[in-house]
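Before any comments, here is the structure.
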């Protein structure tokens, strides 16, 4: 038992994290298409770790006055980048060029694996792919800060601290990413559960996804979108809720 506990502690500290190097060029068009399709399939799992605002935000008088939040543009990718969704105040979309990816890795997730691993015959393991994004040129950091300020005004409006606490949590997450990876960097994650015992680390789909992004970053293409995967010739601005900014300016 002591050996098992020691092994779990070692796994937890090590995290079994692997940085993915650039895979070689692939000449076959069908194989290249499969890589971009793997990226497209991963997008519903993309998470910037910012969470979601409390439900009362949408019920406030000022939010109702702004009208329903517009639907963000669809998740998509092409040979230059990919689009993900996130929400701080209202839903937004963010276009990320592959060139903005600084580090790509996959890892054995410490939690909940350390809790499941002692159950030696339970086939359940959490794994994660991680993308470190240089967000300084994407315009997203300013939008997030405006949304955080908007949440603070919501807290003042309703006299409850939930929205402001969420804004504080968002800022803390960004500060952690900046401390670990550099100013203006954000970590985008993709979480998976696979049918393997947690004490036997595997890469599985997290490794496959990480390798797909690493290949796309290393081998940019000038040609755009072939039939069968998400993408547009020219990515949209990525701001899914322009009315939010106008409303925020009007309230200042």
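The values are calculated or read from the model by the stated rules, or taken from the named source; none is laboratory data. Because the structure is a prediction, the values reported are computed rather than measured. Ideal geometry is used to build each Cβ from the backbone, glycine not excepted, and the neighbour counts take in all protein chains shown.
Within segment 9-25, the set of residues being modelled with pLDDT under 95 and part of a loop (DSSP other than H, G, I, E, B) comprises 15, 16, 17, 21, 22, 23, 24, 25. Look through 163, 117 and report the one residue that is surrounded by 18 or more Cβ atoms within 10 Å (Cβ to Cβ), over 16 Å from the mean Cα position of the chain (by Cα), within 29 Å of residue 201 (Cα to Cα) and touching a residue at least 12 places away in the same chain (Cβ under 8 Å). Within the list 163, 117, the selection yields 117. Taking every residue in segment 180-204 that is on the phi > 0 side of the Ramachandran plot and free of Cβ contacts under 8 Å to residues at least 60 places away in the same chain and pairing it with any residue that is surrounded by 19 or more Cβ atoms within 10 Å (Cβ to Cβ) and not in a strand (DSSP E or B), at least 6 positions away or on another chain, the pairs with Cβ-Cβ distances below 7 Å are 184/135. Of all residues in segment 48-90, those being touching a strand residue (DSSP E or B) at 6+ places or on another chain (Cβ under 9 Å) and surrounded by fewer than 16 Cβ atoms within 10 Å (Cβ to Cβ) number 6.
Report yes if residue 154 is under 18 Å from residue 43 (Cα atoms), at pLDDT 95 or above and either in contact with a helix residue (DSSP H, G or I) (Cβ under 8 Å, 6 or more places away or on another chain) or not in a helix (DSSP H, G or I) (or both), otherwise no.
Numbers: under 18 Å from residue 43 (Cα atoms): no; at pLDDT 95 or above: yes; either in contact with a helix residue (DSSP H, G or I) (Cβ under 8 Å, 6 or more places away or on another chain) or not in a helix (DSSP H, G or I) (or both): yes.
So residue 154 does not fit the description; no.
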